[in-house]
Every structure is written in C-alpha cells, then in structure tokens.
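Asks: Following this message is one structure expressed as structure tokens.
The values are calculated or read from the model by the stated rules, or taken from the named source; none is laboratory data. What you see is a predicted model; the values in this text were computed from it and never measured. Positions of Cβ are backbone-derived with ideal geometry, glycine not excepted, and every protein chain shown enters the neighbour counts.
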Amino acid sequence: MRLKGNNSILIGLRVSIASVLMLICLCPFAYGQKEKKDLPPRAISVSPEYTGVVVPQGEDVNIDLIVSNDGREDEDIDLTVTLIPKGWKAWVKTYNFGVTGVHLNSDTKKSLILRAQPDKDVAPGDYTFEIKGQTRDRKLTSTSQVIIKVEEKKDGKRPEGVNIITSYPVLTGPTDAKFEFSVEVENKSDKDGIFNLVAQGPENWDINFKPAYEDKFISSLRLKAGQSQTMAVEVRPNPWARPGQYPILVKISSPKAEGQVALTVMLTGTFKLEAGTANGLLSLSAIRGEQANISFYVKNNGSAPLAEVKFISFQPENWKVKFNPDTIEMLAPQELKQVEVSITPAGQALVGDYSVGLRVESGTPPKADKTIEMRVSVTASAAWGWIGIGLIVFVMAGLVFLFSRLGRR
Amino acid sequence: MQGLYAVFKKELQDHLSSYRFVILFALIAMVSFITSYMAAVHMRGNLEGLASTKFPFLMLFSTPGAMFSMVQFVAFFGPLIGLILGFDAINRERTQGTLIKVLSQPIYRDAVINGKFLAGVMTITVMLVAIVLVISGFGLAFVGVVPGVEEIWRLFIFLIISIFYISFWLGLSILFSILFKSIATSSLASVALWIFLSFFISLGAEVVANTVAPIDRKNEVQPEVVLENARIKEMVSLSSPMVLYSDAAATIIDPMRKTTRSIILMGPMEELLSARFQNPLSLGQSIVIVFPHIIALIAITLICFAISYLVFMLQEVRT
Amino acid sequence: METETIIETTNLTKRYGRQTAVNGLTLKVKEGEIFGFLGPNGAGKTTTLLMLLGLSRPSKGSATVCGLNPLRMAKEVKRHVGYLPENVGFYEDMDAVQSLEYVADLNGFKKVEAREKIDELLEIVGLKEEARKKTAAFSRGMKQRLGVAEVLIKDPKVLFLDEPTLGLDPEGAIQIIDLIQSLNKEKNITVLLSSHNLHQVQKMSHRVGIMIGGNLIAEGSIDSLAEEKFGVGEKEYSLEEIYMKYFQ
C-alpha cells in the first residue's frame, strides 16, 4: 500500500470537524452570559487539551491549545514554545497560519494548535514541550507542559488522514472509449470529513467522478471516520488526442487531510473504418456471367493508423468478386482510398436481385471493420436478343423476298 | 390490295359466322372464364395473405383455378382454334371449284393466302382480346383489383405471344390444307401433329433424358445427374410450340418467375443472398428471359406461313 | 370490219415433268371471234387457257392477251378476261347475289355500282327469280348461268369458257349457247371456248382449233378444215366427221 500526502493526524479525542467548529462558535455566547460574574482583575492561562500524548514514531503531532483570558481586562498574549526537545520542531498555529500572539477579550478562550514535528531520527521516548503565554506587559505568565511519548512504529497501524488508492492505475484503450478507473477512498482519520475531489488531466479531457454503480457526477465526498468507499473516475479523452500516455492526477482533500493518486490513460487511438460509395448508391446491375464494376471508398475515421486493410466478400457460390487493390498496407487517420470492385455473377445465375456483402477489415484479429451490403441486380444478357431480332428480320426479309418474287402473279 | 381486302373480309365473315368457330369460341371463353372465376375466388380468399404480391391483377391469368390457369388453358386448347380456322382453307375451295374462279379475278394470287391468313389472325386476335377483356372486367368487378401500367403491358405482351402461338397453328393447318387435297387428310394431319407436338414430345423428352442421363434411383442421386436429366428434358421439350408458349407466357404473366427451368442447382449462399430481396422482375428482364422463346414462336409462325405461301404460289392451280 | 389480233401465242409449251401438256402452240385469235378449242379430255385445252390467264407458267414460248403478257401482267390480263372454269364452283352457304357480290368485290367494284350490275346480270342470265337462293340448291344449268354472270361482272373483252355446256341438258346447253352468241354479237366479246362437244362448237364457232395430245393439229374455219385437211365438204360432213377422220 502506497500512501501519499500529508501525514499529519489530529491526536486526542476523536472529534469531528463539525464539533470543533461548534466549539468555536459557542465562545461568544459563553462570554455574554458570564459578564456579570465576579472575575479577577487579570488572569490568563495557556493549557493544552492533553498534557501527555502517545504517538507512533515519525508522526506529526497536533495538540489543541486553549488560551483563555479569565480576567476583566482584554489581554494581548504572546505565545512561545519555550522548550523544544532536540530533533523536534514545534510551533503554535491555527489551521491556517502560525501564531505568536493572540488577542483575547475578557473572559474568552481561543483554541489553537500546538504542532510538533519530529525529525526522522527521533527515537522513541518521552519528550517534553513547554509553552509559555505572557501578556504584553509581562506581568502575567502561564506555562504549561506537554509530554509526547514516541512509541516505536508498528507497521500498517499508522493512522492517516485520507487514503486514496486504485487497483488499476493504468488503463489502455482507443480514443473514443470511456475509461473508468475504480478508486477506493478511505477516511483513516478518526473524524468524519467532507473531501473535495479534483482531477488534473490533459486539456479538453472530460474527467468526472461518479459514485460506484451510480450514474451521476460528484465533486465532493463525505466519509465517516474510518469509512471507505469505492468510486469511479470517468475519463473521456479529447477525440482528437493522439495516441500516447496521458497522466491524470486525482486529488482528494479535506481541510485536514489530502491524498492523491496518479492515474494513467494509454490511448491507442480509435480504429474506425468507413466505407461507402461516392454517390451513396449501394446497388448495381450486372449481366450474368459478365463483370460489373463499382468503386467504393474506404476511410479511416479513427485516430490511429490502420494496417493491413483487407477486403472480404460474401457472395453466392460461383460468383467472382475481386478487389483492386486487394489490400491496403496502411491507412492513415482520415485518409480516403478508392477501391475498385468487380463482381461477376455466375453464368447460370437466375436473374433478380442478390445481396452481396463487401467487408473491409483491418488487422488480424480485426480491429475495425465495416460491411456494406450491395444489391446486385442480375440481368440476362440482351446479346441473344439481337441475334433473335436478327433472326426475325432475316425471316421477314425472306418473306418480303417471297412477296416480291411471287406476289405479282 | 382490293383483292386482299375482299378475301380478308369474306374469310372473316365466314369465320365469325361459322358454327364450328362459334361453338369452339364459346367453349374456350367459358372455360377461361370459369378458370379465372376460380382464380378470383381463390385470390379473394387469399389476398390478405398475399400482401406481398405486387401484381394481383395478373394472378387472374396465372393462378390455377380448378385445374388450369388461363395461360395453361390457352396453351392446351388455343391450337385447336388455329387448326379449325385453317385446316380446310385452301383445299375446300379447291374441291368445290371456287379457288380457280377467285384466282381468275383481277387479283394477285397471294391475295388469297394472305387474306385467309390475316383473317385467321384477326379472328384469333378478336377472340383473345375479348377473353382477356372479359376476364379483366370480371377481375375489376369481382375482386376489385385494378391493373397497373406494367400489368397492362404484361397482358399486352401475353396477348401478342398468344396470338403468334395460335397463328402458328393456323399457319400449319393452312400449309396442310395446301399440301393435302383431301380435307379429311389435312384435318387429321393437323390434329395428329398437334397431339404429337403438344403431348408426345414431353413423353419423348423424358425418354431421351432418361436414356442420355439416367437417374439411378437405387444409389445415391447426384445433383448434377438430375440437373443434366432435367436440362435434356427441357431442351427436347422446347421443340414443342406448346412448351415454348407456356414458358414464355407464364414468365411474362408472372413477374416472380425468374427462370423457365424446372430444376436449378443453388448453393446455400446463393439461396440466402437471393432471398434477401424478394423483388419481382422488371418487365424488361422477364422479356429477356423468355426472349428466345418469343423469338422462336414468332419465327416458327412466320416460317410456317412463308412455307405455306411458297408452296401455294408455286403450286399449279389445277392440281 | 377491221379486226385485230387479241390473243396470240408463239410456240407456247407446258410440261409437267416429262409429260407435255401443250406442245408448241402457235395461235392467233381475232377480236370479236368465237374460237373453239376441240379435243378429247387431257388434250391441253384447259392448260392453254390457264397459261393465257397467267394462272400457269408456260415452260416455253410466250403469249399475248389484249396486248399484254399474262406472265408479267397477270392481274391486268385478268381484268379484261373473264374465265369460266369447267365445273365452276360456288360457296355453298352464299346465295346468288352474295356470290356475285364477292366477285364484284374481288374486282374492286363499289357496293352501289355492284348492286346495279348484279341486278342487270341476273336479268341477262335469267336468274332473277333465284337471286336469293343458296347456290348449293342450284341445278347444273343454273350454276353455269350464274358462272357466266360472275364472269360478266368485270365487263370482259375476252371470255374463256371451259366446257361451258358440259353436263347440261340440251335445253340448258342451248340457253348457254344462245347467251354466248348474243354476248358476242351485242358486246363484241371475243370468246375462246373449249369443248369436246362438236355439235355445239360447230354451231357457234367462227373458227376452231383441234388439239390432241397437246398439239394443235388443225386450225381454221370449219369449211376450210373440212376441205383442206380432210377433203370433205361441209355439206356432207359435220365437224364430228372431220374429228373422227383425224383419229383414223
């Protein structure tokens, strides 16, 4: 299992993002209600939510830090991490930025985060951090300690924020195909979260996210803590895209975590053959036993070149169907070639309409094919008719001769 | 020309008023009428099922009713009309002494034979046209099928072929009436030849075919042998004007008929691919198929007449 | 009266295979004449008549009728020549008028024209009463008279009569003979008749020719024949005697 992305995890109670937000929102109300209370003139406190945490080796640590002004005056409080064990980096931050000072009105609290980042070589053991809050006039100081106990890492059990994986990161297909990557998203954190879905792909490609087995497009995904869900990434390449490899980066992110997975589409190009006659007529008449010619075009309507274009015909027994040329070595995309076909019905064929199928296919086994059906009207030769008419004329001439020779008696 | 016209007029009057002709005409008209009636009844019952047929009108002529179709009937008994019109044309006049009297009038000698032949052809034409019109009218009234342009053309060609066919027998009987002095001889000879050409040839064809290409029924039959047998049979049969006529007429009347052969060898592909489009033949193609038949019919008719003409013109008046 | 030659034959010969029917006949008949061919059956009389009509082709020699060659101009010759064949026949289902109408038709007469002519002719031959009788019911004499009527329709210049009195009773024969003579006199019709009846020929012919076995053995007026050829006078010998004399 390959994991990518930010390894930071919230430590402590499994509190959902929503709960955190609620906590923040409630603060002003609490202040309003306590206004009449008896408060000391000045009092501040800086206290971590947890004073001792246990983390696996190499894991970043975030600990909520509650800074409160319990006095009647508003205070500006400077925050410093006064004690940082060797090999660690630590600072105070909110979600967005680092914090060195905070302004607190009377009887308010602010929730901040103490972030501790160990170096890779930080050994298991207890590490003590000290955070000091001091009013601007240095009269009041509040110090608190956090002990982080680093445990030896146990494989696989490392809890992470969000995990996005796919079993088939590379799909191959023709340009006009629809590629569907099946992606599994797992919320590994202990908080529920809403995850945004973003994909980066080549220009003019159509990339959409779909829940598994559902036909709608989504752009975000809500996952409960520890839940995993399969979804599909549907990719429709630009129809004019050249064959080749195209990377697609799918990113999933929530405010607290993000993950990404690289997908690859291998375009083989489309294999599409088009065949027909110039005027659209698919019928011809042929005298039995005599060759009739018609020409049709073959067009590569796909985006990949077609090699070995062959012609196959379906015709009645004893008929001859010949193609000229009988194969086309290579047909580039959008290329048009004219093919002469000569159809010779059997000499004994009955007159009437026959169906003759002309099939064009490329490659073995065929990658693309197209069959056109020709209606061949077999007619009998009128040559004998002229002989017959000649015979009649001859007989008539004989009669006329008789008339002229004997008629005047 | 006035001699030709006088003979023609007189002969036509004779034909149309003679009892034997009127009786035969009535008989043929009646039978063909009944035949078409049967065809019409048959059609009316089946026309719904025959939705694919494109030429319902022609079926009046080509559908076998009780026993024959109209076409078959003309093929069998049309010759009798021709024979009856001509078997005593010349020798009766010779015996009763009117021939020499007529010939001594200021006319050319061929006016007599031409007039007689033309009068016969005219009688045949009138008869056939009448029958076809009656049946057509009947079809219009009873079945309610209206002929299309192509159907009318086909009927017209059918009429022409029929006229030539019957005229052939007319020419033949006139020839016999020239060759034989006795009416009895000429009539017997005509009828004998009719029976031979119409009925015995088909028997003979079978005998010839079975001799040349025998079908061994005990062993496995090769399709080629059957085909060869059928081919020989058809070749020999074609020497019968009746076969020539019925092949030609049936093909003209029935646009779905694509060959005159009775057996054809067809590969599975051929069968499949030709069944794809079940189109009737165009009139032109129907004609081309039986063109040799039509030409042969016209040729034997003309040749028969030419021989009659020649013999008559060169014959001594007295003998 | 100036007379012209209306029939002329030169060396006229007809052979049927080896048999010679007429052998080198050379003859002249003048306009207005009644010429009688005499001879037994098979002597070539009818053959000669047919050759003169153009109905039979001579094997050799030539003939002229009314100045026309019957071989070339048969139709024109037949327009001027009426021929009454031996044992003339009729269409049995026609009556006399129809029969005549047919002949008129063959001669190219118009219908009205023909009707008048037919009435006139029926009068002449004495068949007015029987005009609407079927010819099948006609007696021999009536048939012969009807035959003459048919011949006369075309207003002939020349009449060929083949055995006109054959098989008639004496009365009928006399009627026919009278008819012929009156036609000859009134209409100046040249008559060429053949017969083996000597008396009748003798009675009406101006000249006779005697044919035997295809050869014309004698020709001339009966007087001259009797005197020149056989040395007998007419007063003592009839034509029959001359005839008999020849066979001896």
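Asks: Quick one: would you say C:Gly44 is surrounded by fewer than 17 Cβ atoms within 10 Å (Cβ to Cβ), within 14 Å of chain B (Cβ to nearest Cβ) and farther than 15 Å from C:Pro70 by Cα?
Replies: So C:Gly44 does not fit the description; no.
Asks: Which of the residues belonging to segment A:197-217 are surrounded by 14 or more Cβ atoms within 10 Å (Cβ to Cβ) and either basic (Lys, Arg) or in a strand (DSSP E or B) (or both)?
Replies: First pass over segment A:197-217, keeping only residues surrounded by 14 or more Cβ atoms within 10 Å (Cβ to Cβ): A:197-199, A:201-202, A:205, A:207-211.
Scanning segment A:197-217 gives A:Leu197, A:Val198, A:Ala199, A:Ile207, A:Asn208, A:Phe209, A:Lys210, A:Pro211.
Asks: Please determine, by comparing only the residues of segment C:154-172 that are in contact with a His (Cβ under 9 Å, 6 or more places away or on another chain) and hydrophobic (A, V, I, L, M, F, W, C), which one is modelled with the highest pLDDT.
Replies: So the residue we want is C:Val158.
Asks: Report whether or not A:Asp64 is outside the structural domain of A:Pro255 (by TED's automatic domain parsing), surrounded by fewer than 16 Cβ atoms within 10 Å (Cβ to Cβ), in a strand (DSSP E or B) and touching a residue at least 12 places away in the same chain (Cβ under 8 Å).
Replies: Working: outside the structural domain of A:Pro255 (by TED's automatic domain parsing): yes; surrounded by fewer than 16 Cβ atoms within 10 Å (Cβ to Cβ): no; in a strand (DSSP E or B): yes; touching a residue at least 12 places away in the same chain (Cβ under 8 Å): yes.
Judged against the criteria, A:Asp64 is not a match.
Asks: In segment A:359-394, which residues are out of contact with any Ser or Thr (no Cβ under 8 Å at 6 or more places or on another chain), buried (at least 19 other Cβ atoms within 10 Å of the Cβ) and within 13 Å of chain B (Cβ to nearest Cβ)?
Replies: A:Ala380, A:Gly388, listed by residue number.
Asks: Please go through segment C:37-65 and pick out each residue that is at pLDDT 90 or above and farther than 20 Å from B:Glu316 by Cα.
Replies: The answer is C:Thr64, C:Val65.
Asks: Can you tell me which residue in segment B:284-319 is farthest from the other protein chains (Cβ to nearest Cβ), limited to those that are assigned to a loop (DSSP other than H, G, I, E, B) and not polar (S, T, N, Q)?
Replies: B:Val290
Asks: On the basis of being aliphatic (A, V, I, L, M) and surrounded by fewer than 18 Cβ atoms within 10 Å (Cβ to Cβ), does C:Leu55 make the cut?
Replies: The answer is no for C:Leu55.
Asks: What number of residues within segment B:224-281 are aromatic (Phe, Trp, Tyr) and either crowded, with 19+ Cβ neighbours inside 10 Å or away from every other protein chain (no Cβ under 13 Å) (or both)? Walk me through it before giving the result.
Replies: The first filter runs over segment B:224-281 and keeps only residues aromatic (Phe, Trp, Tyr), leaving B:245, B:277.
Still in the list and also either crowded, with 19+ Cβ neighbours inside 10 Å or away from every other protein chain (no Cβ under 13 Å) (or both): B:245.
Total satisfying the criteria: 1.
Asks: Only one residue in B:Leu128, B:Leu118, B:Leu175, B:Leu85 is assigned to a helix (DSSP H, G or I) and surrounded by fewer than 22 Cβ atoms within 10 Å (Cβ to Cβ). Which one?
Replies: The unique qualifying residue is B:Leu118.
Asks: With C:Asn87, C:Asn107 as the choices, which residue is facing another protein chain (nearest Cβ under 8 Å) and surrounded by fewer than 20 Cβ atoms within 10 Å (Cβ to Cβ)?
Replies: Working: C:Asn107 fails: surrounded by fewer than 20 Cβ atoms within 10 Å (Cβ to Cβ).
Answer to the selection: C:Asn87.
Asks: If you scan segment B:39-62, which residues turn out to be under 21 Å from B:Thr251 (Cα atoms) and at pLDDT 70 or above?
Replies: B:Ala39, B:Ala40, B:His42, B:Met43, B:Phe55, B:Pro56, B:Phe57, B:Leu58, B:Met59, B:Leu60, B:Phe61, B:Ser62 - these are the residues of segment B:39-62 that are under 21 Å from B:Thr251 (Cα atoms) and at pLDDT 70 or above.
Asks: Residue check: is B:Ile201 within 10 Å of chain A (Cβ to nearest Cβ) and among the β-branched types (Val, Ile, Thr)?
Replies: On the way: within 10 Å of chain A (Cβ to nearest Cβ): no; among the β-branched types (Val, Ile, Thr): yes.
Taking the combined requirement at face value, the residue does not satisfy it.
Asks: Can you tell me which residue within segment C:1-41, out of those that are free of Cβ contacts under 8 Å to residues at least 40 places away in the same chain and within 13 Å of C:Gly214 (Cβ to Cβ), is farthest from the chain's Cα centre (by Cα)?
Replies: Within segment C:1-41, the match that is farthest from the chain's Cα centre (by Cα) is C:Arg18.
Asks: Kindly establish whether A:Ala397 is exposed (fewer than 13 other Cβ atoms within 10 Å of the Cβ) and closer than 22 Å to A:Ala292 by Cα.
Replies: no
Asks: Here's something else I'd like to know. Among the residues of segment A:262-278, count how many are assigned to a loop (DSSP other than H, G, I, E, B) and of a type in the set (A, V, I, L, M, F, W, C). Show your work before the answer.
Replies: Applying the first criterion (assigned to a loop (DSSP other than H, G, I, E, B)) to segment A:262-278 yields A:268-272, A:277-278.
Still in the list and also of a type in the set (A, V, I, L, M, F, W, C): A:271, A:278.
Total satisfying the criteria: 2.
Asks: Looking only at helices (runs of 4 or more DSSP H) that fall completely inside segment C:123-222, which ones have 3 or more residues that are buried (at least 23 other Cβ atoms within 10 Å of the Cβ), polar (S, T, N, Q) and free of Cβ contacts under 8 Å to residues at least 24 places away in the same chain?
Replies: none
Asks: Hey, could you check segment A:307-332 for residues that are away from chain B (no Cβ under 13 Å) and surrounded by 20 or more Cβ atoms within 10 Å (Cβ to Cβ) and say which is farthest from A:Thr268 (Cα to Cα)?
Replies: Ranking the qualifying residues of segment A:307-332, first place goes to A:Phe311.
Asks: Under 28 Å from B:Pro268 (Cα atoms), at pLDDT 85 or above, within 14 Å of chain B (Cβ to nearest Cβ) and not in a loop (DSSP other than H, G, I, E, B): is that true of A:Ser295 in this structure?
Replies: Against the criterion (under 28 Å from B:Pro268 (Cα atoms), at pLDDT 85 or above, within 14 Å of chain B (Cβ to nearest Cβ) and not in a loop (DSSP other than H, G, I, E, B)), A:Ser295 does not qualify.
Asks: Take the residues in segment B:63-120 that are of a type in the set (S, T, N, Q) and within 11 Å of chain C (Cβ to nearest Cβ), then tell me which one is farthest from C:Leu84 (Cα to Cα).
Replies: Among those residues, the one meeting the criterion is B:Thr95.
Asks: If you don't mind, another one. Given the criteria farther than 28 Å from A:Arg288 by Cβ, acidic (Asp, Glu) and touching a residue at least 60 places away in the same chain (Cβ under 8 Å), does A:Glu329 qualify? Working first, answer last.
Replies: Values: farther than 28 Å from A:Arg288 by Cβ: yes; acidic (Asp, Glu): yes; touching a residue at least 60 places away in the same chain (Cβ under 8 Å): no.
When the stated conditions are applied, A:Glu329 does not pass them.
Asks: Ok, one more. Given the structure, is C:Asp162 under 30 Å from C:Val29 (Cα atoms) and within 12 Å of chain B (Cβ to nearest Cβ)?
Replies: So C:Asp162 fits the description; yes.
Asks: Can you tell me how many residues within segment A:340-358 are surrounded by fewer than 20 Cβ atoms within 10 Å (Cβ to Cβ), modelled with pLDDT under 90 and more than 9 Å from chain B (Cβ to nearest Cβ)?
Replies: Count: 1.
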